[in-house]
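Only one structure is covered here, and it is reproduced in the block below.
All of the numbers you see were taken from the coordinates with simple rules; none came from a lab. Computed from a predicted model, the values in this text were never measured in an experiment. Here the Cβ positions follow ideal geometry from the backbone for every residue, glycine too, while neighbour counts run over all protein chains shown.
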Amino acid sequence: MPFGKWLVVLVLFAATIGCDRVTKHIATESLAGTPTQSFFADTVRLAYAENAGGFLSLGADLAEPIRTTIFTVGTAVILLILVASLWRTGSQMWRTAGLSLFIAGGVSNWFDRLVDGRVVDFLNVGVGWLRTGVFNVADIAIMLGIALFVVTELRSRSANAPVR
């Protein structure tokens, strides 16, 4: 295993988890119980939200034991599988970066669920009626990690495709 690969993994894990933890703490301290704040002509909104479910609060209304099984136990299993995949990625740097971001964001949100049973969200972006759901820094890392991984896979497959 090349040293550079593991340095990238460690830096991305530390940066992602550190930024997510700090921003969630700031959101909890300064946004909880306050009205939504709007910036850049209402393109960015900051509003404190607690998410007991998954992506876009999916499953938030499920009974507690079911939510715990899906979002704490299930997520832990998936994260372990992803770590095993990361171990096997070889020296493909962009694939490593994508998986690292995905795992780090997942770990940070998983930790929230494990400790508090919920995830703190606080960001919302959009224009007019077209808006995202409320999300956090870990969610950004997860989405960026997925995008990097998919682009890397598609490029790898097209480079290895037989010439006709």
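Would you work out the relative contact order for segment 3-159, in percent, from Cα pairs under 8 angstrom that are 6 or more residues apart? Mind dumping the intermediate values first?
On the way: 211 pairs, mean separation 49.5, N = 157.
Answer for segment 3-159 is 32 percent.
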| request: Compute the acute angle (0 to 90°) between the alpha-carbon long axis of helix 3-30 and the principal axis of greatest extent of the alpha-carbon atoms of the chain; round to the nearest 10°. | output: 10 degrees
| Once fully extended, how much extra length lies between A41 and Q92, figured as 0.36 nm per residue of separation less the alpha-carbon to alpha-carbon distance? | 14.3 nm
| Local electrostatic count at W129 - Lys and Arg +1, Asp and Glu -1, tallied over other residues with Cβ under 14 Å | +1
| remark: Helix 75-87 sits off the longest principal axis of the Cα atoms of the chain, rounded to the nearest 10 on a 0 to 90 degree scale, by 30 degrees
| query | Tell me, what is the percent relative contact order of segment 13-63, built from C-alpha pairs under 8 Å that lie six or more residues apart? | reply | 22 percent
| task | On each of the three principal axes of the Cα atoms of the chain, give max minus min coordinate, whole Å, ordered largest first. | result | 57, 40, 32
